[in-house]
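Data first, discussion second: the structure below is written as structure tokens.
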Amino acid sequence: MKKLGFGAMRLPLVNFADKASIDQDELNKMVDLFMQAGFCYFDTAYLYHDEHSESALRKALVERYDRSSYVFADKMPTVIVKSVDEYPMYFDRQLERTGVGYFDYYLMHNMGKDRYQKTEELRGFDFAMRKKEEGKIKYFGFSFHDDAKLLDEILTTHPEVDFVQLQINYFDWENKIIQSRKCYETAVKHKKPVVVMEPVKGGTLAQLPLEAQKLFEQSNPDASPASYALRFAAELDNVMMVLSGMSNVTQVSENIKTMHDPQPLTEEERALLAEVVEIISKKMTIPCTSCGYCTEVCPNNIAIPGLFGIYNNYKVNGNFSKMYHERTTFDKGKATDCINCKKCVRNCPQHIEIPQYLQEIAKLE
């Protein structure tokens, strides 16, 4: 397969305020362009577009193309599964919604400390393996948003997994929260192929600060910022697929152009990406190095370095990730638990006024 996958979580809309109002005609054109260019991997999930993504793909793809001509990936909605009996209910509903008959790739959706614990309790991996034995799933894996330590734990406990889906992009490669590099290396260690999600970081690496944009234009006026991000992910040896959440025909055309024959980054281009990362990073607010000395003395065990990392990301892209917040504070204190004792300040090598920033974060919790 060619390495570009069609992510169906940002489909074209008739009404931007209504995620369910998918523009079916535009989506059909996008799917046609994608297929005609020789690409065939489609990725969706039960909850995308207020539960309308699967049925939209059925109309655009499944009802218009032979089943052998495309590869279909879907995900179990782990966040709403409450009992063992609900796995077959949701799975059968997905087969009905999509009309695919079987899933080429099937994932437990969004594994992290919270959902993995719940999925283990409900024996979700066992359910998926039974469906694989029945021929309803060809390859089983999971999408993942957490740290490399947990990823290693999951892959050690479940060697039966065929692949993993990870958030990988050049900005998050060394990010202390996302841990793109560490997670990728963990997958490599366990010999698991990687499907990349968020290669353009939800559009952040396509809509750059003006200073960064000018650097790209000076280097190559014909190359879009997004093309560098896609090529960064595609050239990783263990990556089998790079997903892009495309929203219109223009984006499909641009991505096809880049990924038809993605060229490895040159040393000059890698240096350019490092400059762009530095420009974006300067927008970050808190100079935390994640040494953890503050947590050693915090009476409420507040996850200070993790919360600061999430806040810094928020200052860059305007998105305060509730998901990462929940996982960072899993079994730990939140910013709202700060009692302003300032023990953390006295223990901080960077002399950061930690309670002051925790107050700002508390407003977002």
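The table below lists the values:
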quantity: Dipole magnitude of the chain, debye to nearest 20 (Cβ charges: Lys/Arg +1, Asp/Glu -1, about Cα centre); calculated: 600
quantity: On Cα atoms only, tilt of 249-259 relative to the major axis of the chain in degrees; calculated: 80
quantity: Ranked order, ARG346, ARG58 - accessible area, probe 1.4 Å, largest first; calculated: ARG346, ARG58
quantity: Calculated diffusion of the range 256-353, Stokes-Einstein form, Kirkwood radius summed over Cα pairs, 20 °C and 1.002 mPa s, µm²/s; calculated: 136
quantity: Rounded percent of accessible protein surface that carbon and sulfur make up, the range 1-94, 1.4 Å probe; calculated: 51
quantity: Residues ASP66 and ASP25, FRET efficiency given R0 of 25 Å [Cβ-Cβ distance, rounded to 0.05]; calculated: 0.70
quantity: Prolate/oblate/rounded label for the range 198-241 (Cα gyration tensor, a/c 1.5); calculated: oblate
quantity: Entry for P(r) over Cα pairs in 20 Å bins from 0, in percent (calculated from the structure that is shown) out of (1) 24, 45, 25, 6, 0; (2) 30, 58, 11; (3) 27, 57, 15, 0; calculated: (3)
quantity: Per the chain, cysteines lacking a partner by the 4.7 Å Cβ criterion; calculated: CYS40, CYS183, CYS288, CYS291, CYS298, CYS338, CYS341, CYS348
quantity: Residues in the range 198-220 that a label on GLU275 would reach, taking backbone N under 19 Å of a point 7 Å out along Cα→Cβ; calculated: 205-220
quantity: Local electrostatic count, PRO264, Cβ distance below 15 Å [Lys/Arg +1, Asp/Glu -1]; calculated: -3
quantity: Inverse mean reciprocal Cα-Cα distance (Kirkwood Rh) of the range 317-365, Å; calculated: 11.9
quantity: Hz values of 3J(HN,Hα) by residue in the range 283-297 - Karplus curve (6.51, -1.76, 1.60), Gly and Pro given as x; calculated: 6, 6, 9, 9, x, 7, 9, 6, 6, x, 4, 5, 6, 5, 10
quantity: Accessible-area ranking of ILE22, ILE354, largest first, probe 1.4 Å; calculated: ILE22, ILE354
quantity: Length gained when the stretch GLN207-ASP32 is fully extended (0.36 nm per residue, less Cα-Cα span); calculated: 60.3 nm
quantity: Two-site label geometry, LYS315 and HIS260: point separation in nm, points 7 Å out along Cα→Cβ; calculated: 4.3
quantity: Full-stretch length increase - ASP85, PHE330 - with 0.36 nm per residue and alpha-carbon distance subtracted; calculated: 85.6 nm
quantity: The range 96-214 - Rg and Dmax from Cα coordinates, angstrom; calculated: 16.1, 54
quantity: Amide H partners (placed H, <5 Å) of ILE302, local residues excluded; calculated: GLY333
quantity: Proximal charge balance of PHE308 [Cβ under 11 Å; K/R count +1, D/E count -1]; calculated: +1
quantity: The range 310-365 - accessible surface per residue (Å², probe 1.4 Å); calculated: 56
quantity: Separation in nanometres of the label points that stand 7 Å from Cα toward Cβ, at HIS190 and THR156; calculated: 1.1
quantity: Square roots of five times the Cα gyration tensor eigenvalues for the range 84-138, Å; calculated: 20, 11, 11
quantity: Max mean-square fluctuation residue, GNM over the chain, Cα-Cα springs under 10 Å, options THR295, THR266, THR98; calculated: THR266
quantity: Count, lysine Cα pairs under 27 Å in the range 1-86, 8 or more residues apart or across chains; calculated: 13
quantity: Radius 11 Å from Cβ of VAL297, net charge of other residues (Lys, Arg +1; Asp, Glu -1); calculated: +2
quantity: The range 1-123: relative contact order as a whole-number percent, Cα under 8 Å and 6+ apart; calculated: 24
quantity: Relative contact order for the range 130-215, counting Cα pairs under 8 Å that sit 6 or more residues apart, in percent; calculated: 27
quantity: Paired Rg and Dmax values of the range 200-284, which use every Cα atom, in angstrom; calculated: 12.7, 35
quantity: Computed P(r) (all Cα pairs; the range 1-134; 10 Å bins; percent); calculated: 12, 42, 33, 14, 1
quantity: Relative contact order for the chain, counting Cα pairs under 8 Å that sit 6 or more residues apart, in percent; calculated: 14
quantity: Label point distance in nm, ASN300-GLU96, each placed 7 Å from Cα along Cα→Cβ; calculated: 4.7
quantity: Rounded tilt (10° steps) of 24-36 against the dominant C-alpha axis of the chain; calculated: 80
quantity: Cβ-placed point charges (K, R +1; D, E -1), dipole of the range 159-257 about Cα centre in debye, nearest 20; calculated: 200
quantity: Taking the convex hull of Cα positions in the range 1-68, its mean projected area over all directions (nm²); calculated: 4.4
quantity: Residues whose placed amide H lies under 5 Å from that of GLY5, excluding near-sequence neighbours; calculated: VAL242, LEU243, SER244
quantity: Loop sites in the range 242-286: trypsin sites (Lys or Arg not before Pro), DSSP, at most 15 other Cβ within 10 Å; calculated: LYS282, LYS283
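The values are calculated or read from the model by the stated rules, or taken from the named source; none is laboratory data. On a predicted model such as this, the values are computed, not experimentally measured, just so you know. Backbone-built Cβ (ideal geometry, glycine too); neighbour counts: all protein chains shown. Accessible surface is based on the protein model in full, side chains and every heavy atom, while ligands, DNA and RNA are left aside. Shrake-Rupley method; radii C 1.70, N 1.55, O 1.52, S 1.80 Å.
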